[in-house]
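Heads up: the structure comes next, in C-alpha cells.
The values are calculated or read from the model by the stated rules, or taken from the named source; none is laboratory data. The structure displayed is predicted, hence computed values, not measured ones. A quick note on method: Cβ atoms are made from the backbone with ideal geometry, for glycine too, and the neighbour counts reach across all protein chains shown. Just the protein is used for accessible areas: all its heavy atoms, side chains included, with ligands, DNA and RNA removed. Shrake-Rupley method; radii C 1.70, N 1.55, O 1.52, S 1.80 Å.
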Amino acid sequence: MMVRRLLRAAAGSATVLAFGLLTACSATTHSTPSAADGTTAPTAGASPAGSMKTLPPSRLCTTALTTGAAQQLIADPRLQTRLSPNKGDAPDGCSYAAADGQSTLALTPASRAYKAELSAAHALSADPASAGMRDVRVDPVSDLGRQAFRETSYQIQARQHITFVVWNSGTRTWVLTFATTADTSATPATVSDDKVVQVARSITAKLPAGQ
C-alpha cells in the first residue's frame, strides 16, 4: 500500500508541471491523471507517437466535469488531450489545466473500492513524510453520494497543494483531484478545498452509472 502511496505522491507532484509525466503512475492510490485515463498535455509542434491514438473528449467532460464546472476552480481551464494505446481502450477520464500551468483538475473513476481508498488515505495521513508530503488531512464529507471523504496535503518537492475528493455515488466510486501551486504559503485546509467538494456535489447527478 505504501509503495502505491509513494507513486501517488510522485504523480501529484508532477500534475501542474506536466500531465504527460504521469504516464508511469497508473497504479497510484487515487485515480490521478495518467496514461491510465488517457490524458496528457498537448505539446506544441509534436504529434502522438505511433503507438498512441488521440481520443475525442471523454463523456465525463461533455456531461459532468464540463468547462463551466471546471471554471469554479480554474479561471481559464484548458481541456487536456486524451491519448490511448492503439490497441485497447483507455478508461474514462477528464482533465483540465490552467493556462498559466499553476493548477490542474481531473475526474476519474476510482481504481479500487471506496473502503480501500479511505484506508489508503488514513495510512498516508499517519506517515506523510515517507511519501514526501506534509499537512495531510482526511475529513469526512456529508451530502455527497452514499459516503465521501476529502484528502488534503502539501507535496513538499513540487510545493503543491493537492486535494482529493473521493465519493461513492451508489454504483461507482469517483475521484476528483485538484492540484495547485498558487498561494503555497497557505495550509491545505483552505476555502479552495471546500470548492472542490462543491464541484463534486454539482456533477454527481451527471455521472454515468456503473458498468
Condition first: surrounded by fewer than 19 Cβ atoms within 10 Å (Cβ to Cβ), closer than 21 Å to PRO77 by Cα and modelled with pLDDT under 90. Can you find one or more residues in region 193-207 that meet it?
yes
Would you point out the residue of region 121-162, among those that are buried (at least 23 other Cβ atoms within 10 Å of the Cβ), of a type outside the set (A, V, I, L, M, F, W, C) and touching a Leu at 6+ places or on another chain (Cβ under 8 Å), that is farthest from ARG201 (Cα to Cα)?
SER153
Here the qualifying pairs (Cβ atoms under 9 Å; residues six or more apart or on different chains; first in region 126-151 and more than 17 Å from THR173 (Cα to Cα); second assigned to a strand (DSSP E or B) and open to solvent by 80 Å² or more (accessible area, probe 1.4 Å)) come out as PRO128/ARG134
List the pairs whose first member sits in region 46-65 and is modelled with pLDDT of 70 or more and of a type in the set (A, V, I, L, M, F, W, C), whose second member is part of a strand (DSSP E or B) and open to solvent by 70 Å² or more (accessible area, probe 1.4 Å), and whose Cβ atoms are under 7 Å apart, counting only residues at least 6 apart or on separate chains?
CYS61/LEU79
